[in-house]
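S.K.: I am attaching a structure below and will ask some questions about it afterwards.
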Amino acid sequence: MNVFFSDEQDEPADGEALHRLAVSVLQQEGLPEGTEMSLVLVDAEQMAGYNEQFLDRPGPTDVLALPLQHLAPGHPPRRVANEPPIALGDVFVCPDYVARRAAAEALDPLDYDIRRLVVHGILHLLGYDHHDDRDADLMERREDELLESGEAA
């Protein structure tokens, strides 16, 4: 798996562990070797800019996934011989926003952490969503499975 990781912010984060988590999620989801995606940690100002630019929403958010193709949950794309590797898209996570929101809402950091948001973002790249209760339940179950697996720990 080719996961480009970049940490463009000042909050402490274990980049190696997040990179391993992203690779593990792609493997567990059945993506072919060589699949490409990027995972970028950004500050609140950058995230607000991306949120405005790509979703026309003001202010920062915790995670933003920008898929390059439309996929169906549970149906990973297959690589075609002699074609370029599969490129999924980009996941942006804002650790500062995550920390501030968890503190403001008195959330358990283990329930609302960067690892969960990384998995959440990758699942969005793979076609999962939460537009209705059924889709949200499916996505949340898969997040939990991936986070609980020994490989994603």
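S.K.: Since R101 meets every condition but one in (1) surrounded by fewer than 16 Cβ atoms within 10 Å (Cβ to Cβ); (2) within 24 Å of H19 (Cβ to Cβ); (3) in contact with a Gly (Cβ under 8 Å, 6 or more places away or on another chain), which condition does it not meet?
M.R.: Here R101 clears every test but (3).
S.K.: Another question, then. Answer with yes or no whether D96 is surrounded by fewer than 17 Cβ atoms within 10 Å (Cβ to Cβ) and more than 18 Å from R142 (Cβ to Cβ). Walk me through how you get there before you give the answer.
M.R.: Details: surrounded by fewer than 17 Cβ atoms within 10 Å (Cβ to Cβ): no; more than 18 Å from R142 (Cβ to Cβ): yes.
For D96, the condition - surrounded by fewer than 17 Cβ atoms within 10 Å (Cβ to Cβ) and more than 18 Å from R142 (Cβ to Cβ) - is not met.
S.K.: Mind telling me which of the residues P12, P77, P95, P84 ends up being under 14 Å from G121 (Cα atoms) and at pLDDT below 95?
M.R.: Just a single option satisfies the conditions, and that option is P95.
S.K.: Which residue is surrounded by the fewest Cβ atoms within 10 Å (Cβ to Cβ), if the candidates are limited to region 75-92 and must be of a type outside the set (D, E, K, R) and closer than 27 Å to M47 by Cβ?
M.R.: Out of the qualifying residues, it is A87.
S.K.: Starting from residues that are of a type in the set (G, A, S) and under 19 Å from D62 (Cβ atoms), keep the ones in region 1-33 and report whichever is surrounded by the most Cβ atoms within 10 Å (Cβ to Cβ).
M.R.: Filtering first and then ranking leaves A22.
S.K.: Is it the case, given these coordinates, that L55 is closer than 19 Å to D129 by Cβ and free of Cβ contacts under 8 Å to residues at least 40 places away in the same chain?
M.R.: Answer is yes for this residue.
S.K.: Among the listed residues Q46, Q53, Q69, which satisfies the condition of being more than 14 Å from the chain's Cα centre (by Cα) and part of a loop (DSSP other than H, G, I, E, B)?
M.R.: None of the others qualify; the one that does is Q69.
S.K.: When region 13-32 is examined, which residues are found to be farther than 19 Å from S149 by Cα and either of a type in the set (S, T, Y) or touching a residue at least 40 places away in the same chain (Cβ under 8 Å) (or both)?
M.R.: A13, P32 - these are the residues of region 13-32 that are farther than 19 Å from S149 by Cα and either of a type in the set (S, T, Y) or touching a residue at least 40 places away in the same chain (Cβ under 8 Å) (or both).
For (1) among the hydrophobic types (A, V, I, L, M, F, W, C); (2) surrounded by 16 or more Cβ atoms within 10 Å (Cβ to Cβ); (3) over 25 Å from A13 (Cα atoms); (4) at pLDDT below 95, each residue gets a yes or a no:
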site: T35; (1), (2), (3), (4): no, yes, no, no
site: L39; (1), (2), (3), (4): yes, yes, no, no
site: D43; (1), (2), (3), (4): no, yes, no, no
site: Q46; (1), (2), (3), (4): no, yes, no, no
site: N51; (1), (2), (3), (4): no, yes, no, no
site: R57; (1), (2), (3), (4): no, no, yes, no
site: T61; (1), (2), (3), (4): no, yes, no, no
site: L66; (1), (2), (3), (4): yes, yes, no, no
site: Q69; (1), (2), (3), (4): no, no, yes, yes
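S.K.: Hey, another quick one. Filter region 79-93 down to residues that are among the charged types (D, E, K, R) and either assigned to a strand (DSSP E or B) or touching a Leu at 6+ places or on another chain (Cβ under 7 Å) (or both), then give me how many there are.
M.R.: 1
The values are calculated or read from the model by the stated rules, or taken from the named source; none is laboratory data. Quick caveat: nothing in here was measured; it's all calculated off a predicted structure. Cβ atoms come from the backbone with ideal geometry, glycine included; neighbour counts cover every protein chain shown.
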